[in-house]
Amino acid sequence: MRLASERGELALLLKALAFAAHKHRDQRRKDPEASPYINHPIALADVLVNEGGVTDVEVLAAALLHDTVEDTATTHQELADAFGSRVARIVAEVTDDKSLPRAERKRAQIEHAGALSPEAKLVKLADKICNLRDVAERPPASWSLERRREYFDWAKQVVDRLRGAQARLEAAFDVAHQARP
Ligand code: NDP
Ligand code: ZN
């Protein structure tokens, strides 16, 4: 018999997965095959559990939800109501302000990385690991070699500002970064 708390954790996780799948249902990644968008949040959760040893279910739920506010019509309040204020806060911390021009958004990520909460640093690390693997293995078809290299360099600048957060994930990032084209 499972403990009620374990059932509650599984319920939160599956609710976050179903919510994210619904919100991203019409979106695709930028790889040449245009993979279903939801593969990416699932990859973050997989990395956190199976490479980072993360078991905090609210961090895993936040990873599944991490792009819903940035890339869909989802609001912070909607996440807070459905998943609680801690999950919503972690997602908010890793959400870019899309009203800023691209270059400022990129700079803001570097500037803010060190001040993220420990939970948001875990999600940020997993996001950068997954995106480097994507750029290395199935980059957007239109990306030049220079652009792929710039992406690797920028991701490293972000991660270098949050080092000390979690050794296993930082090591996984460094391995992913070795594939810089
Ligand atoms: P984009 O924001 O356009 O694309 C990168 C983002 O797209 C990722 O962070 C990821 O975000 C998402 N994504 C979806 N599918 C994929 C995939 N298959 N592979 C990788 N990422 C995917 O680009 P950036 O603004 O991040 O620019 C990348 C770099 O290129 C920067 O360093 C920028 O300065 C530079 N640049 C160069 C240009 C040039 O022409 N040379 C033009 C513009 C930028 P998420 O996890 O949120 O889904
Ligand atoms: Zn992401």
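The values are calculated or read from the model by the stated rules, or taken from the named source; none is laboratory data. Values in this document were obtained by computation on a predicted structure and should not be read as measured data. In this analysis, Cβ positions are derived from the backbone assuming ideal geometry, glycine residues included, and neighbour counts consider all displayed protein chains. The accessibility values were calculated without ligands, DNA or RNA, using every heavy atom of the protein model including side chains. Shrake-Rupley method; radii C 1.70, N 1.55, O 1.52, S 1.80 Å.
Only one of ALA115, ALA136, ALA165 is loosely packed, with under 14 Cβ neighbours inside 10 Å, over 17 Å from GLU70 (Cβ atoms) and hydrophobic (A, V, I, L, M, F, W, C); which?
ALA115
When both residues are 6+ apart or on different chains and their Cβ atoms are under 9 Å apart, which pairs have a first residue that lies in region 43-67 and is more than 15 Å from ligand 2 (Cβ to nearest atom), and a second that is hydroxyl-bearing (Ser, Thr, Tyr)?
Taking only residues 6 or more apart or on different chains, the pairs are VAL49/THR55.
What number of residues within region 58-106 are in a helix (DSSP H, G or I), more than 16 Å from ligand 1 (Cβ to nearest atom) and open to solvent by 20 Å² or more (accessible area, probe 1.4 Å)?
Qualifying residue count for the region: 10.
Mind checking which residues of region 122-141 are over 20 Å from PRO36 (Cβ atoms) and either in contact with a Gly (Cβ under 9 Å, 6 or more places away or on another chain) or away from ligand 2 (no atom under 16 Å from the Cβ) (or both)?
Listed by number, the residues that qualify are LEU122, LEU125.
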